[in-house]
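Participant: Quick one: this structure, given as structure tokens, is what I'll be asking you about.
Readers should treat all values here as calculations from the given coordinates under stated rules, not as data from a laboratory. For clarity, every value in this text was computed on a predicted model and none was experimentally measured. Cβ placement follows ideal geometry from the backbone for every residue including glycine, while neighbour counts extend to all protein chains displayed.
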Amino acid sequence: MPNPQDFIDIGADVAGIREALARRRWLVIIGLGGLLVIAFGAAMILGDYPMSIDNVVRSLLSPLTGETQKGIDFIVLGLRLPRAMVAVFAGMAFGISGALFQNVLRNPLASPDIIGISAGAGTAAVAAILLLHWGGGMLALAALGGALLTAAAIYLLAWHQGVSPYRVVLVGIGIAAVMAAIMSFLFTRARLVEVQQAVTWLTGSLNGARMSDALQLGLELAIISIVLVPLSRAAGALELGDDKARALGSGVERARFLLLGAGVALCALATAVTGPIAFVALMSGPVSRLLLGPAGGAIVPAAMTGAVITLSADIIAQHSLPGVQLPVGVVTGGIGAAFLILMLIAANRTGRTA
Amino acid sequence: MNVLAFDRTTAPPQLSAEGLHLGYRDRKIIHDLSVSIPPHKLTVIVGANACGKSTLLRGLARLLAPSAGSVYLDGRSIHQMPTKAVAQKMGLLPQTPVAPQSILVADLVGRGRYPHQGWFRRWTRDDDRVVGEALALTGVADLGGRALDELSGGQRQRVWIAMALAQETGLLLLDEPTTFLDIAHQVEVLDLLTDLTRHQGRTIVAVLHDLNLACRYADNLIAMKDGRIIAEGAPREIVGPDLVRQVFGLTARIVTDPVSQTPMVVPMGRHHMAVAAE
């Protein structure tokens, strides 16, 4: 048996290691924060009417200073700011949602855009457009309802004396396929104009983002984030597998239900505003985990990664081709597809089940 | 100053099961089983594959709800206790535990502090000290800053045991803690478990595959077949050719282990028989 003084020394080592991990975590968060500020600035400045930093700052501060610069205020406060804010909030919502799914289901491929939640929202929205000729707020509600109903269906179908992560993933992929089939069927019966509208929605776009959308999404994001704070401990326990988490005294079934519920709500609410922006939910968790290395707690970094990806992708989508504004989902789709392939190759190399 | 990990559980933990029925959906595995775990001892559960030994351990650890009967911890039904209160008294090492990718050893062992923390009580110096103790006791003190994925199987198993120790429970349940380990590491882990019972007064229940190591290390041996306990007691008192035949369906000769003076099972097969079977 070692002597008691050793314990104290080793305890100090343990404290040192913990502090190093915390430092790395803060570095990642600060670094991502810096990137987000840069992207946000670029989103304000770039465009058909390039703005000086000075004008942008004065316009952003105008609600406080009372200063008016008519044309500039319209472009900055009326167009660019809401668009960037929706990009940030939706990116955060998708990022957290993906990280929660991947954490709780212990599978890097298990994000809401792969296991059917986004497909459910999409099918409901396509049905609303093609069959009911809905748009705007009603369309958003249809997408929200579709996502929630699909999530409930997956949860119930995967239930078997509790919900095993593996079953959720398999059932989810099955549901995604069913939803794709329903969508294809709806498309074959639709008129071309409506199909175009539906496909645009399905790609995910920030065109026409309004300040009211941004504020609503930001509020929803804030509320769900507050709910998530006390659950973060349980999320850490779930990483160790159901048995170990239970042995540590964590209420596994309840924690999983609440964490997945929060993930579904975030994905559904963001999808309702922007449409399913492809792969942001899938990429954010793994990218932030790559940055974090051994330092855990990927949820906050995943939120920031999601925001950086979505905002940067939107800047690329708006300005990369002269005269053409692509939907943001086209760019995230391109980046995401490449990322997914790299992830699968890496998983294959290390022999881990992806 | 009191630094030794373990005087906090001076009252011996009492773990027992009464009329326990366990199973998965309509497959019944444990039938009407009653058992009482002797405190401060190393109890080893043995039996053939699929005899229900892991199921029993999961039942004792409240990972599996019984269809009838109950498990009692310190006189209270474990299923009616708050799960966190149970976790402060009983730790478990599952057969194949999973860890987040690239987690560091010190971080993983620190996760064992979970039941002692809460929304408001987060990490303290005391937690660091307990994790340090757990690392030292399992001989992995110098591995704290290494990633779990980089370690050998034997080191990894010690880290998992360290995590269970960091939970500071008087009772420890381990499901096949020596699987995947070579013989030297198996002996090492079992020596460690013996240290923990003898020097720290922990009560340990382990499921083991290797009958001879079980016979040597168990203070109390539980032999199971078809979801029932066939025999229970000190290996010297219960292990004989009849028990081995009954439990494993194997003809064997029992000799005395020249090192430990405990029973040693020498299996008899169809080949290499220089002596005739009885």
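Participant: If the only charges are +1 at each Lys and Arg Cβ and -1 at each Asp and Glu Cβ, what is the size of the charge dipole of the stretch A:36-109 around the Cα centre, to the nearest 20 debye?
Facilitator: Dipole magnitude for the stretch A:36-109 comes out near 240 debye.
Participant: Same structure, new question: Collect residues whose amide H, placed 1.01 Å from N in the peptide plane, falls under 5 Å from the amide H of B:ILE230; neighbours closer than 5 in sequence don't count.
Facilitator: When sequence neighbours closer than 5 places are left aside, the close amide H contacts are B:ALA223, B:MET224, B:LYS225.
Participant: Also, quick follow-up: Relative contact order for the stretch A:233-354: what percent, with Cα pairs under 8 Å and sequence separation of 6 or more?
Facilitator: With pairs under 8 Å counted, the relative contact order is 19 percent.
Participant: Under 11 Å from the Cβ of B:VAL86, count the other residues' Cβ atoms, weight Lys and Arg +1, Asp and Glu -1, and hand me the total.
Facilitator: Overall, the nearby charge balance is +4.
Participant: Let me ask you something else. Tell me which of B:ALA48, B:PRO97, B:HIS21 sits at the most positive position along the dipole axis of the stretch B:1-104, charges placed on C-beta atoms (Lys, Arg +1; Asp, Glu -1).
Facilitator: Value computed over the given set: B:PRO97.
Participant: Per-residue Cβ counts within 10 Å, from other chains only, averaged over A:293-306: what number is that?
Facilitator: 2
Participant: From the residues A:THR271, A:ILE38, B:GLY110, which one has its Cα farthest along the dipole of the protein assembly as shown in the positive direction, the dipole being from +1 and -1 charges on Cβ of Lys/Arg and Asp/Glu about the Cα centre?
Facilitator: Sorting the options by dipole projection puts first A:THR271.
Participant: Note down the relative contact order for chain B as a percent, whole number, built from C-alpha pairs under 8 angstrom at least six residues apart.
Facilitator: Relative CO of chain B lands at 23 percent.
Participant: About its Cα centre, how strong a charge dipole does the protein assembly as shown have in debye, to the nearest 20, once Lys and Arg get +1 and Asp and Glu get -1 at the Cβ?
Facilitator: 860
Participant: Between B:PHE180 and A:ALA152, take the C-beta separation as r, use R0 = 56 Å, and let me know the FRET efficiency to the nearest 0.05.
Facilitator: The pair B:PHE180/A:ALA152 has a calculated efficiency of 0.90.
Participant: Counting Lys and Arg as +1 and Asp and Glu as -1, each charge on the Cβ, what is the dipole of chain A about the Cα centre in debye, to the nearest 20?
Facilitator: Approximately 420 debye in magnitude.
Participant: Tell me the label-point distance for the pair A:THR68, A:ALA347, using the 7 Å Cα-to-Cβ offset, in nm and rounded to one decimal.
Facilitator: Simple spin-label model gives 5.6 nm for this pair.
Participant: Let me ask something else about it. Suppose the Debye formula is applied to equal point scatterers at every Cα of the protein assembly as shown; what is log10 I(q)/I(0) at q = 0.06, 0.07, 0.09 Å⁻¹?
Facilitator: At q = 0.06, 0.07, 0.09 Å⁻¹ the computed log10 ratios are -0.42, -0.55, -0.82.
Participant: Order of A:VAL76, B:VAL131, A:VAL178, A:VAL193 from fewest to most other C-beta atoms within 10 Å?
Facilitator: With the fewest neighbours first, A:VAL76, B:VAL131, A:VAL178, A:VAL193 line up as A:VAL193, A:VAL178, A:VAL76, B:VAL131.
Participant: Sum up the charges of everything whose Cβ sits under 12 Å from the Cβ of B:ILE229, counting Lys and Arg as +1 and Asp and Glu as -1, but leave B:ILE229 out.
Facilitator: 0
Participant: Given B:LYS28/B:LYS53; B:LYS28/B:LYS89; B:LYS84/B:LYS225; B:LYS28/B:LYS84; A:LYS244/B:LYS41, which pairs have Cα atoms separated by over 21 Å?
Facilitator: From the list (B:LYS28/B:LYS53; B:LYS28/B:LYS89; B:LYS84/B:LYS225; B:LYS28/B:LYS84; A:LYS244/B:LYS41), the Cα-Cα distance tops 21 Å for B:LYS28/B:LYS89; B:LYS84/B:LYS225; B:LYS28/B:LYS84; A:LYS244/B:LYS41.
Participant: What is the sum of charges around A:THR271, taking Lys and Arg as +1, Asp and Glu as -1, for the other residues whose C-beta is under 13 Å from the C-beta of A:THR271?
Facilitator: In short, -3.
Participant: Let me ask another. Using only the alpha carbons, work out the radius of gyration and Dmax of chain B in angstrom.
Facilitator: 19.4, 69
Participant: Something else now. Calculated from DSSP H runs of 4 or more alone, at -39500 (n - 2.57) each and per residue, what is the 222 nm mean residue ellipticity of the protein assembly as shown, nearest 500?
Facilitator: That comes out to -18000 deg cm²/dmol.
Participant: For chain A, what does the alpha-carbon gyration tensor say about shape, rounded, prolate or oblate, given a ≥ b ≥ c as the root eigenvalues, a/c under 1.5 as rounded, and a/b over b/c as prolate?
Facilitator: It comes out oblate by the Cα gyration axes.
Participant: Place +1 on the Cβ of every Lys and Arg and -1 on the Cβ of every Asp and Glu in the stretch B:70-217, take the dipole about the Cα centre, and give the residue among B:VAL187, B:GLN157, B:GLN88 whose Cα lies farthest towards its positive end.
Facilitator: Sorting the options by dipole projection puts first B:GLN88.
Participant: Could you work out which residue, out of B:VAL159, B:VAL98, B:VAL71, moves most in a Gaussian network model of chain B, that is, has the largest mean-square fluctuation with Cα springs under 10 Å?
Facilitator: Of the options given, B:VAL98 has the highest mean-square fluctuation.
Participant: What FRET efficiency comes out for the pair B:ARG198/B:ASP257, r = Cβ-Cβ distance, R0 = 25 Å, nearest 0.05?
Facilitator: Step by step, r from the Cβ atoms, then E = 0.85.
Participant: So for the stretch B:1-136, Kirkwood radius off the Cα pairs, Stokes-Einstein at 25 °C and 0.890 mPa s: how many µm² s⁻¹?
Facilitator: For these conditions, the coefficient is 143 µm²/s.
Participant: Please work out whether the stretch A:218-354 counts as rounded, prolate or oblate from its C-alpha gyration tensor, where a ≥ b ≥ c are the square roots of the eigenvalues and a/c under 1.5 means rounded, while otherwise a/b larger than b/c means prolate and anything else oblate?
Facilitator: oblate
Participant: Along the stretch B:207-217, what does the Karplus equation 6.51 cos²θ - 1.76 cosθ + 1.60 (θ = phi - 60°) give for ³J(HN,Hα), rounded to whole Hz, x for Gly and Pro?
Facilitator: My calculation for the stretch B:207-217 gives 8, 10, 8, 7, 5, 5, 5, 4, 4, 6, 8 Hz in order.
Participant: Which Rg and Dmax, in Å, describe the Cα atoms of the stretch A:1-157?
Facilitator: 24.0, 78
Participant: A further question follows. Where does each of A:VAL328, A:VAL169, A:VAL88 land when they are ranked from fewest to most other beta-carbon atoms within 10 angstrom?
Facilitator: Placing the least packed residue first, the sequence is A:VAL169, A:VAL88, A:VAL328.
Participant: Give the calculated FRET efficiency between B:ARG125 and B:SER70 to the nearest 0.05, with a Förster radius of 56 Å applied to their Cβ-Cβ distance.
Facilitator: The value I calculate is 0.90.
Participant: A further question on this structure: Let me make sure I get this right: for the stretch A:119-239, a, b and c are the square roots of the gyration tensor eigenvalues over alpha carbons, sorted descending. Under 1.5 in a/c it's rounded, otherwise prolate if a/b > b/c, else oblate. Which is it?
Facilitator: In terms of gyration-tensor shape, oblate.
Participant: Rg to Rh ratio, the stretch B:69-157, alpha-carbon atoms and Kirkwood radius?
Facilitator: Looking at the stretch B:69-157, the ratio lands at 1.02.
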